[in-house]
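The values are calculated or read from the model by the stated rules, or taken from the named source; none is laboratory data. Keep in mind that what you see is a predicted model, and the values were worked out from it rather than measured. No Cβ is skipped: glycine too gets one built from the backbone with ideal geometry, and neighbour counts run over all protein chains shown.
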Ligand code: PGA
């Protein structure tokens, strides 16, 4: 199973080092067959990658060019050098707040693959789209832009479930995961209000290969409880 912690715009370098110390302590002696990845802000990538034991780090985004006049952007080569081996692409917050499109998601995914980063590509429908019965169509459209590469990981994150405390139901998750797996042969993670109280059930759903966790991943003990809830 995959356990991915998306810290979003949280934690300084100092705070991420304390977190690393605690999660290392919790995982010590645990024989984990899981893949655990933490996505800190760019500034903490290098230090976190040096402090964690048995946990990978990833970037929350990249730009698709390698270098050049792109003020404020960061390239796949730079995050690789800072210790990242994964990258989140197309998170709904980037799509909604920062103009990310299916086209830019595609370019970034191809660039990540070219530079040896594993892309974790986020897809999901809005509440309005779900209520209009358009979920599957939206997912299909988003999947159309995702490279069919064996390194790709998909995260299904219904927008209305992110940071709201309201996760999707087991039936809703199972239906969408089954649909995704019918189109692309890739691990499919669920994301959206996952915590240690609902993770056991969510991780037990057919077609769920792990979780992308936002808010609940900010506390090392809570993140560890989520990992432990996997059967
Ligand atoms: P959440 O965020 O767990 O806080 O809902 C998930 C995500 O945005 O990846």
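Please enumerate the residues belonging to region 190-201 that are within 11 Å of the ligand (Cβ to nearest atom) and either in a helix (DSSP H, G or I) or over 18 Å from residue 154 (Cα atoms) (or both).
Those that are within 11 Å of the ligand (Cβ to nearest atom) and either in a helix (DSSP H, G or I) or over 18 Å from residue 154 (Cα atoms) (or both): 195, 198, 199.
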Filter region 112-146 down to residues that are under 25 Å from residue 80 (Cα atoms) and touching a strand residue (DSSP E or B) at 6+ places or on another chain (Cβ under 8 Å), then give me how many there are. 11
Going residue by residue through region 32-46, is there one that turns out to be modelled with pLDDT under 95 and either more than 25 Å from residue 123 (Cβ to Cβ) or touching a helix residue (DSSP H, G or I) at 6+ places or on another chain (Cβ under 7 Å) (or both)? yes
Please give the number of the condition residue 127 fails out of (1) in contact with a helix residue (DSSP H, G or I) (Cβ under 9 Å, 6 or more places away or on another chain); (2) within 16 Å of the ligand (Cβ to nearest atom); (3) over 16 Å from residue 156 (Cα atoms). (3)
Filter region 219-231 for residues that are within 12 Å of the ligand (Cβ to nearest atom) and crowded, with 19+ Cβ neighbours inside 10 Å; the one that is nearest to residue 15 (Cα to Cα) is 223
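State all residues of region 46-57 that are touching a strand residue (DSSP E or B) at 6+ places or on another chain (Cβ under 6 Å) and either in a helix (DSSP H, G or I) or closer than 14 Å to residue 108 by Cα (or both); if no residue qualifies, say none.
Scanning region 46-57 gives 48, 49.
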So residue 16, is it away from the ligand (no atom under 16 Å from the Cβ), assigned to a helix (DSSP H, G or I) and touching a strand residue (DSSP E or B) at 6+ places or on another chain (Cβ under 9 Å): yes
Can you report the number of residues in region 193-222 which are more than 22 Å from residue 160 (Cα to Cα) and in contact (Cβ under 8 Å) with a residue 60 or more places away in the chain? 2
Any idea which residue in region 67-92 is nearest to the ligand (Cβ to nearest atom), counting only those that are outside any loop (DSSP other than H, G, I, E, B) and over 17 Å from residue 55 (Cα atoms)? 92
Just checking, which of 216, 211, 155 is within 9 Å of the ligand (Cβ to nearest atom) and in a helix (DSSP H, G or I)? 216
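State all residues of region 178-189 that are in contact with a strand residue (DSSP E or B) (Cβ under 8 Å, 6 or more places away or on another chain) and either part of a loop (DSSP other than H, G, I, E, B) or closer than 13 Å to residue 139 by Cβ (or both); if no residue qualifies, say none.
Selection gives 180, 181, 184, 186, 187, 188.
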On the basis of being touching a residue at least 60 places away in the same chain (Cβ under 8 Å) and either within 22 Å of residue 3 (Cβ to Cβ) or assigned to a helix (DSSP H, G or I) (or both), does residue 121 make the cut? no
Across (1) in contact with a strand residue (DSSP E or B) (Cβ under 7 Å, 6 or more places away or on another chain); (2) within 11 Å of the ligand (Cβ to nearest atom), residue 163 clears everything bar (1)
Going by what's in this entry, would residue 140 be described as more than 16 Å from the ligand (Cβ to nearest atom), at pLDDT below 95 and over 17 Å from the mean Cα position of the chain (by Cα)? no
